[in-house]
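Asker: Before I ask anything, let me first share the structure, which is written out below as structure tokens.
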Amino acid sequence: MATLNRFEKETIRQDNPQFSMLKTLIETAFYGNNVQAIDNLDQAYQLASSAPNTIILDQIITKAQELGLAEDTRVLVANGGAVVGRTAKARRLWGQDSEEDKKIAAILREELYQSSFLPFISGKAVVGLDQQFMMQANIMMPKSESNNMYSWLLNFQILNNDYLKLLQSSQRYEENDIYIYFNPDWSHEDYPDGLAYFDKDHNVAAILGLNYFGEIKKATLTLAWASAARNDYVACHGGLKEFKTNKETYVASFFGLSGSGKSTLTHAKHDCKYPIQVLHDDAFIISNKDGSSVALEPAYFDKTSDYPAGHPEQDYFLTVQNCGVTLDSDGHKVLVTEDIRNGNGRTVKSRFSTPDRVDCVHDPISAIYWIMKDDSLPPLVKVTDPVMASALGCTLMTKRSNAENSAGDLGTLVIEPYANPFRIYPLQEDFEKFYQLFASGVDCYIINTGDYLNQNIGKETTLSCIEVVIDQTAHFQDFDKLPGFSYLDIEDFVVDENNTDYLTLLAERMRFRLSYLEKLAEDNKDNAIISESVKKFQDIVRILN
């Protein structure tokens, strides 16, 4: 097996590093008489389609049989309540606060005891779609959450007979299976926003008091990414695609938060100028050994706001969350999208929406594009220094979206290192691994999908920037005041380094990044690469001033 779920009796001991309090608590709950195993997608669909909170659309799933469903399977809608996004403030990590760990352990024991008298369901899936990296994931939840179970089994690869054979012959890792306990009905006065509790070293999590599907999707990925990071992979929250040209194979990856444009760039067809293969638009890993990349999930968890009624992309919807429903002229139940009902309407969308989809790209990665919304930067910037390339990913500047349940201003610029808010291992590990990629010859670009000064950067401009790089016709102009930085010379987006106001804005943005790195360096005093990045940013700020 790729990951561990069975142990020789003589190894089931307190000193076995594969066991922990939280792992033992949660795994034990899976074996209760109250837990019904969901073994196939048709069983999951029948349960979800008969749930009282389900709306069954008059829309047949495209290629249902190829997904393991009956030919007449329909799209299901299940809407949540007040919260329609991820709640980052609910997250806690085992081992960070010993007193809180003791408190949560008692709370969790009581929750598991109380829920053992209620009907639950469980499911198994594979995370990682190539035999070089595959993990078994297990999840359990109240039977009333059958819609979330069905969506989870569609979003990941259900562990069927075919994938069981692949899993059994895949690369072995000394890692536990993933175990996730999910109960959105839970509440506790000390955790009014819910609780997402992770033991990263043992691949277990408890997701409590949170009913948004994205919580269990990202919890699964969070643990898989952490396992990959421990086994010489780079964890990537982004999209990756491979272009074939007459000159070369070009593998590009795009890193950005939800709403930044990473899915748009990943799925763009570029007017069919190139043969393209898409790995994924949200979750993958890159091997530090050979630069190959592996997708972690087959489906997409996409926003529905861009797909109004009649849009061809709706043909590939499997389940839908937090969207409206109405009747069309034929009396059929159809979706009301475009976030009319609420923000962040979502769908689990079939892999068949991408014609040239692959699960592994064996060619090494060519370039990383950090997607930012920094109005001091023109549409495309190239960075040649590997230290600065990783530092700019670490200080990726963007804006929050309504995919997150937060009280802050969605328009405020924030830093989200490597566009991955789901990291549960030390940030310096990503800094070093991305540095290694850039030092090995991977190119680094910053692509601005927001505004440059007061000028909007449209989608067509962004795509044309990528195309001239692929075609090797790009003309980059060096920044006079940013050593190692150059920008794509575009007539409509002028860079005037003699403009005092512009230099002031640029200096402000660089100081913002510098402040973040200085704090990181203070927390990691022995990390020479991070310290070097601080010195380089200090030099830039000094030059700009």
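Asker: Semi-axes, largest first, in whole Å: what does sqrt of 5 times each Cα gyration tensor eigenvalue give for the range 247-311?
Answerer: 23, 17, 10
Asker: Using helices alone, what [θ] at 222 nm do you get for the chain, with -39,500 (n - 2.57) per DSSP H run of 4 or more residues, divided over all residues and rounded to the nearest 500?
Answerer: -9000 deg cm²/dmol
Asker: While we're on this one: Which three extents, in whole angstrom, do the alpha-carbon atoms of the range 12-95 cover along their principal axes, largest first?
Answerer: Projected onto its principal axes, the Cα set of the range 12-95 covers 54, 32, 25 Å.
Asker: Of V442, M21, T54, which is farthest on the positive side of the dipole of the chain, counting Cα position, with +1 on Lys and Arg Cβ, -1 on Asp and Glu Cβ, and the Cα centre as origin?
Answerer: So the residue we want is M21.
Asker: So what's the Cα pair-distance distribution over the chain, bin width 20 Å, in %?
Answerer: For the chain, the pair-distance distribution reads 21, 55, 23, 1.
Asker: With only Lys, Arg, Asp and Glu charged, each at its Cβ (+1 for the first two, -1 for the last two), find how big the charge dipole of the chain is about the Cα centre; round to the nearest 20 debye.
Answerer: 760 debye
Asker: How large is the dipole of the range 64-206 about the Cα centre if only Lys and Arg carry +1 and Asp and Glu carry -1, each at its Cβ, rounded to the nearest 20 debye?
Answerer: 140 debye
Asker: How large a share of the accessible area of the chain, in percent, is made up of carbon and sulfur atoms when the probe is 1.4 Å and the other protein chains stay in place?
Answerer: 46 percent
Asker: I would also like to ask the following. Stick to the Cα atoms of the range 434-545, pair each with every other, and give me the Kirkwood hydrodynamic radius in Å at one decimal.
Answerer: Taking every pair of different Cα atoms in the range 434-545, averaging 1/r and inverting gives 16.0 Å.
Asker: Which ³J(HN,Hα) values in Hz, rounded to whole numbers, follow from the phi angles of the range 28-38 under the Karplus curve 6.51 cos²θ - 1.76 cosθ + 1.60, where θ = phi - 60° and Gly and Pro get x?
Answerer: 4, 4, 5, 9, x, 4, 7, 9, 9, 6, 9
Asker: For the pairs K303/K459; K303/K399; K23/K289; K89/K373; K124/K349; K103/K525, note any where the Cα-Cα span goes beyond 22 Å.
Answerer: Distance filter (> 22 Å) returns K23/K289; K89/K373; K103/K525.
Asker: Mean separation of Cα pairs under 8 Å and 6+ residues apart, divided by the residue count of the chain: what relative contact order is that in percent?
Answerer: 14 percent
Asker: Of the listed peptides 454-460, 120-126, what is their order by residue-averaged count of other C-beta atoms within 10 Å, with the highest listed first?
Answerer: Listed from highest to lowest mean packing, they are 120-126, 454-460.
Asker: Would you mind checking which residues have amide H under 5 Å from R92's amide H? H placed 1.01 Å from N; only 5 or more apart, or other chain.
Answerer: A196, Y197, F198
Asker: Output wanted: per-residue J couplings in Hz (rounded whole) for the range 330-339, from phi through Karplus 6.51 cos²θ - 1.76 cosθ + 1.60, θ = phi - 60°, x for Gly and Pro.
Answerer: Ordered by residue, 3J(HN,Hα) equals 8, x, 8, 6, 10, 7, 10, 9, 6, 6 Hz.
Asker: A follow-up question, please. Residue by residue, what Karplus-based ³J(HN,Hα) values in Hz, rounded to whole numbers, does the range 528-545 have, using 6.51, -1.76 and 1.60 with θ = phi - 60° and x for Gly and Pro?
Answerer: Running phi through 6.51 cos²θ - 1.76 cosθ + 1.60 with θ = phi - 60° gives 5, 5, 5, 4, 5, 5, 4, 4, 5, 5, 4, 5, 5, 4, 5, 5, 5, 7 Hz.
Asker: On to the next question. What value in Å³ per residue do you get for the convex hull of the alpha-carbon atoms in the range 447-492?
Answerer: Spelled out: Cα convex hull of the range 447-492, divided by residues, is 90 Å³.
The values are calculated or read from the model by the stated rules, or taken from the named source; none is laboratory data. Keep in mind that this is a model prediction, so the values were computed, not measured. FYI the Cβ positions are ideal-geometry reconstructions off the backbone, even for glycines, and counts take in every protein chain you see. To get the accessible areas, we keep the full protein, side chains included, count just its heavy atoms, and leave off ligands, DNA and RNA. Shrake-Rupley method; radii C 1.70, N 1.55, O 1.52, S 1.80 Å.
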